[in-house]
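Reviewing the structure listed below.
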Amino acid sequence: MTGDQVTAETVSSLLGDRELIVASNRQPYSHVREDGEITVTRPAGGLTSALDPVMQSAGGTWVAWGSGNADFDVTDENGSVRVPPESPAYDLRRVELDEERVEGYYYGYSNQVLWPICHVYPSKMNTETTFWNHYRRANRAFADAIADEATEESLIWFQDYHLGVAPRMVREKCPDAFCMQFWHIPWPSWDAFQACPQYERLLDGLLANDLLGFHTERYCQNFLDCAAMLPGTRVDRATRSVVYEGRRTFVRPFPLGIDADGRRELATSKDATTFWREFRREHELGEAVAVGVERLDYTKGIPERLTALERFWDQHPEWRGEFTYVQKASESRTQIDAYRELQAEVEDEVDRINDRFGTDEWTPIVYLNEHLPKEGLAALYREADLCIVSARRDGMNLVAKEFVASQVEDSGVLLLSELAGADEELGDEAVSVHPHDTKGFVDAIERALSLPESDRERRMHGLRKQVHSNDVYAWMNTQFRTIEAIQRGREVASKSLRRQ
Ligand code: F6P
């Protein structure tokens, strides 16, 4: 039995008679028209691919923004289509948002207000006042679609920061449905969160949930601190819950994992081996290879990493010709200036460093911005001696976990930022780096490259254990078991109230 079967079944049994409604900005399937033909694509998000098997087993409805150009050509009058296309198992209900709304809600409020605030980048915040209105209206469109699908028996599971006020809107129409939300990015301290002009509205929206999940204990504590500043709340630290408007919201850490077995399988595939053989032939790599994999986002700390690498080759000439860094970078949110500027900066820096140190036989930095097949990525992770995750701030960071699960041969070393959420779980066995401490970063690269094999193996063993035991299926199960416990607690409380 595979991990996803176990979980999907467990989730189905935990659901009982309740119907599951998942709501997220991104959809699991998208219909796209190309040269007159409609094809189905699966956006490559970790979350969408992890929840899809559960939905396939449990059934129910997934509400998401219909972003594909043929999405509404295949839906019924409610915007719904049965998916997966090859063996329909659940409803995907698409929310239609026009271009202006997407600009204001997704590129605007979600990614130029909430994203910088939660990652503690007030300088990147755009205070354009129309964004909030678009965010609210988009959340209203989601809420209307959800309420249309929901009954009092539904279990509604909101995902992420795009849907901060939708729970309150849904709650008004479905007072007894169980609502929960998982916040996939950091939750900052009150000092940082207060920079958000709509902080009261957001807290009010989120506190319409029965259960709120974050990646780490620290984010939970930050949230409780913020909730305490909202007039009318009572924060109960002992039970980690907030009482507000007559309801109690439980706040819990659920560190997100990956499909670790799936990653291991990919890394051992023949296609991964073929990819790596070709890759080595095509590029002038050193004996030792490090890898970094990310969206081109200013929170990921790529320029700081390039600075550390340049200083490393500068101070350690013995590693020139011997050590190559491979950067897999994907374009992201390119309608936003800060993202386009970052992309140009990173590409210029890579060219400059390669011009400075590169030779005919050796390229210091191999920069990949094209699509990589999943087996190709698995090969890079498998063969890398180091994986560098030096985010300036990151909710969790699943790349660190993907690297670990793909390390099926010689043990590599994980260099991990102490500012990534993953540090709480993986920090002890990783080599820690601070993205802004260039000297410490250079020393860490040197140290990681020189670690004795027994040390590397010991560390990787501990990391593997953690990544496999706390995979994405464990993440889901823990949340569903928590819901069960909350509901049991409520039943007991209401019985004893009736007895009084
Ligand atoms: O980390 C938060 C997150 O929303 C992830 O769920 C997602 O994979 C990533 O950011 C990129 O998001 P998007 O391309 O949808 O803006």
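The values are calculated or read from the model by the stated rules, or taken from the named source; none is laboratory data. Here the structure is a predicted model, which is why all the values come from computation and not from measurement. Here the Cβ positions follow ideal geometry from the backbone for every residue, glycine too, while neighbour counts run over all protein chains shown. Ligands, DNA and RNA are stripped out before the accessible areas are found, and what is left, the full protein with its side chains, is counted by its heavy atoms. Shrake-Rupley method; radii C 1.70, N 1.55, O 1.52, S 1.80 Å.
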For q = 0.10, 0.18 Å⁻¹, Debye-computed log10 I/I(0) when each Cα of the stretch 29-126 counts as one equal scatterer = -0.35, -0.93
ask   = Which of the GluC sites (Glu not before Pro) found in the stretch 39-144 are loop residues per DSSP with 15 or fewer other Cβ atoms within 10 Å of their Cβ?
value = Glu77, Glu86, Glu96, Glu128
task = Can you tell me the relative contact order of the stretch 1-118? Whole percent, Cα pairs under 8 Å, sequence separation 6 or more.
result = 24 percent
message = Ignoring everything except DSSP H segments at least 4 long, calculate the 222 nm mean residue ellipticity for the chain; use -39,500 (n - 2.57) per segment, divide by total residues, nearest 500.
response = -14000 deg cm²/dmol
remark   = Packing-ranked peptide list from 375-384, 63-72, 312-321, highest mean Cβ count within 10 angstrom first, is 375-384, 63-72, 312-321
key: Separation between Cα centres of the stretch 154-195 and the stretch 357-375, rounded to whole Å   = 41 Å
inquiry  = I'm checking a number: the convex hull volume of the Cα atoms of the stretch 154-207, normalised per residue, in Å³. What is it?
reply    = 75 Å³
ask   = How far, in degrees from 0 to 90, does helix 438-450 lean away from the longest principal axis of the Cα atoms of the chain, to the nearest 10?
value = 70 degrees
inquiry  = Compute the distance from the alpha-carbon center of the stretch 78-134 to that of the stretch 316-347, in whole Å.
reply    = 26 Å
ask   = Based on the inverse mean of 1/r over its pairs of different Cα atoms, what is the Kirkwood hydrodynamic radius of the stretch 260-469, in Å?
value = 17.1 Å
ask   = Once the Cβ-Cβ distance between Arg218 and Arg277 is put in as r, and R0 is 35 Å, what FRET efficiency do you end up with, to the nearest 0.05?
value = 0.20
inquiry  = Largest first, please: the extent of the C-alpha atoms of the chain along each principal axis, to the nearest Å.
reply    = 77, 55, 50
ask   = How are the Cα pair distances of the stretch 183-315 distributed, in percent, across 10 Å bins from 0?
value = 10, 26, 22, 18, 16, 8, 1
request  = Give a residue-ordered list of calculated ³J(HN,Hα) values for the stretch 334-343 (Karplus: 6.51 cos²θ - 1.76 cosθ + 1.60, θ = phi - 60°; whole Hz; x for Gly, Pro).
outcome  = 5, 6, 9, 3, 4, 6, 5, 5, 4, 4
note = Net charge (Lys, Arg +1; Asp, Glu -1) of residues whose beta-carbon lies under 11 Å from that of Ala308, Ala308 excluded, is -3
ask   = How high is the relative contact order of the chain, in percent, with contacts defined as C-alpha pairs under 8 Å that are six or more residues apart?
value = 13 percent
remark   = Once the in-chain neighbours fewer than 8 apart are removed, the lysines whose Cα is under 24 Å from Lys465 read Lys374, Lys401
inquiry  = I'd like the orientation of helix 217-228 relative to the chain: the angle between its Cα long axis and the longest Cα principal axis, in ° from 0 to 90, rounded to 10.
reply    = 40 degrees
inquiry  = How much accessible area per residue does the chain have, counting only protein heavy atoms and a probe of 1.4 Å, in square angstrom?
reply    = 42 Å²
note = For the chain, the charge dipole (Cβ of Lys, Arg +1; Cβ of Asp, Glu -1; about the Cα centre) points to a positive end, and the Cα of Ala50, Ala344, Val243 closest to that extreme belongs to Val243
note = Sorted list, accessible surface of protein heavy atoms, 1.4 Å probe, largest first, for Tyr325, Tyr107 is Tyr107, Tyr325
query = Which angle between 0 and 90 degrees, to the nearest 10, do you get for helix 453-469 versus the longest principal axis of the chain when only C-alpha atoms count?
reply = 20 degrees
ask   = How do 220-230, 288-298 rank on mean C-beta neighbours within 10 Å, highest first?
value = 288-298, 220-230
task = With the convex hull built on the Cα atoms of the stretch 340-442, state its orientation-averaged projected area in nm².
result = 8.0 nm²
ask   = Between the stretch 385-426 and the stretch 16-75, what's the alpha-carbon centroid distance in Å?
value = 29 Å
ask   = Which order do peptides 22-30, 38-46, 435-443 fall in by mean Cβ count within 10 Å, highest first?
value = 22-30, 435-443, 38-46
